[in-house]
Structures are given as structure tokens and as C-alpha cells.
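**Student:** This is the structure, below, for whatever I ask next.
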Amino acid sequence: MQPVSSEKLILRLGYAGLAPFVLLAALLWMVTPELHPYVAIALASHGAVVVSFLGGIHWGLGFRLAEPAARQHLAWGVLPPLLAWLGLLMPAYAGLPLLALALVACDLLDRKTWPAAGLGPWLAPRRHMTLVATLSCLLGAAGT
């Protein structure tokens with residue numbers, strides 16, 4: 001069996017991470033009302049983990065880069081986890097849209113900062129992933 005290149009692995013893992021978004025958002029429209037809270041918290045939790053991960057990428061970049069770029073990445077890196085935490089504290093009808101907004105904000109900031117860090121080629125697939133995750137959060141919120 002041929003080893004998978006790092007680039008292919010990153011794409012596969014990234015797109016596989018969309019499965020819980022899509023599945024849980026769809027389930028919110030299909031399950032009985034007594035199951036709604038469990039499915040909603042599962043969707044919000046997955047969204048919060050992903051948003052926190054996106055912030056963590058900036059910490060990794062901050063450790064690699066020189067000032068002042070490092071400072072910018074380190075400062076931004078703490079905001080997504082805080083937004084994710086708030087999204088989990090809120091009821092799903094409000095928390096899921098906040099997580100969707102955080103996903104979009106991460107994407108917009110990454111479009112400005114990733115090219116200088118050599119990550120520009122990842123922005124196109126990242127945009128696709130952000131779109132699916134954001135729509136899933138919004139559709140999930142509408143289903144609550």
C-alpha cells in the first residue's frame with residue numbers, strides 16, 4: 001500500500017471533519033424532540049472543537065514567526081477558543097450561529113495572515129470546509 005502524502009492526508013482529515021457537522025445538522029431535523037438537546041450539544045461541541053483548533057493554528061504560527069507577526073498570531077489565537085466556549089454556554093439556537101460566525105471570522109482572518117506564513121495554498125480547500133461547517137451550524141440552529 002502506497003503511503004499517503006501529508007498534503008493528501010491533511011485534505012482527507014479536513015474533509016472527514018465535516019461529516020459530524022453535516023450528519024448532526026441533518027439529525028436535528030429528523031430526531032424526536034426529546035433527542036434534540038443531545039444532538040444540538042453534539043453539533044455545538046464539534047463546532048467548538050473546530051473553532052478552537054483554528055485558533056490553535058495561530059499559536060503554532062506565532063511560535064514559528066518573528067515579531068510583530070508572532071504577536072498578532074498569538075493574540076488572535078486565544079479569541080476563537082473564547083468564542084467557542086461562549087457558543088457552548090448558550091442555548092443551541094444562539095450558540096450555533098455564534099459558532100458559525102466564529103468559523104467565518106477565522107476564515108477571513110486566515111485569508112489575511114496565512115499567505116505570509118506560507119499557507120496560502122490551503123485557503124481554497126479551507127474555504128470549502130468553512131462553508132460546509134458554517135451552513136451546518138446555521139441549519140442546525142434553524143432545526144432547534
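Every number here is computed from the coordinates shown, using simple stated rules; none is lab data. The model shown is predicted, which means the values in this text are computed figures rather than measured ones. Don't worry about glycine lacking a Cβ; one is built from the backbone with ideal geometry, like all the others, and counts go over all protein chains shown.
**Student:** Quick check on the chain: helices-only [θ] at 222 nm, where DSSP H runs of length 4 and up contribute -39,500 (n - 2.57) each and the sum goes over total residues. Nearest 500, please. Working shown, then result.
**Tutor:** Numbers: 6 runs with 114 residues, N = 144.
Roughly -27000 deg cm²/dmol at 222 nm, from the helical runs in the chain.
**Student:** Could you tell me which of VAL39, LEU11, ALA133 has its Cα farthest along the dipole of the chain towards the positive end, charges placed at Cβ (Lys, Arg +1; Asp, Glu -1), taken about the Cα centre?
**Tutor:** Highest projection toward the positive end goes to LEU11.
**Student:** With the chain treated as a Gaussian network of Cα nodes joined by springs under 10 Å, which of PHE63, PHE53, PHE21 yields the largest mean-square fluctuation?
**Tutor:** PHE63
**Student:** What does the C-alpha gyration tensor say about the overall shape of the stretch 1-56? Classify as rounded when a/c is under 1.5, otherwise prolate if a/b is larger than b/c, or oblate.
**Tutor:** Working: a/c = 4.48, a/b = 2.00, b/c = 2.24.
The shape class here is oblate.
**Student:** Kirkwood hydrodynamic radius, the stretch 33-142, all distinct C-alpha pairs: what's the number in Å?
**Tutor:** Values: mean 1/r = 0.0702 Å⁻¹.
Radius from the Kirkwood sum: 14.2 Å.
**Student:** OK, next. Can you bin the stretch 1-94 into rounded, prolate or oblate? Criterion: square roots of the alpha carbon gyration tensor eigenvalues sorted a ≥ b ≥ c, rounded for a/c under 1.5, prolate for a/b above b/c, oblate for the rest.
**Tutor:** Numbers: a/c = 4.90, a/b = 1.40, b/c = 3.51.
Cα axes put the stretch 1-94 in the oblate bin.
**Student:** Put +1 on the Cβ of each Lys and Arg and -1 on the Cβ of each Asp and Glu in the chain; which of PRO81, ALA117, LEU28 then has its Cα farthest toward the positive end of the dipole?
**Tutor:** In the chain, that residue is ALA117.
**Student:** Next up: So which residue, out of LEU103, LEU123, LEU88, gets the largest mean-square fluctuation from a GNM of the chain using Cα contacts under 10 Å as springs?
**Tutor:** LEU123
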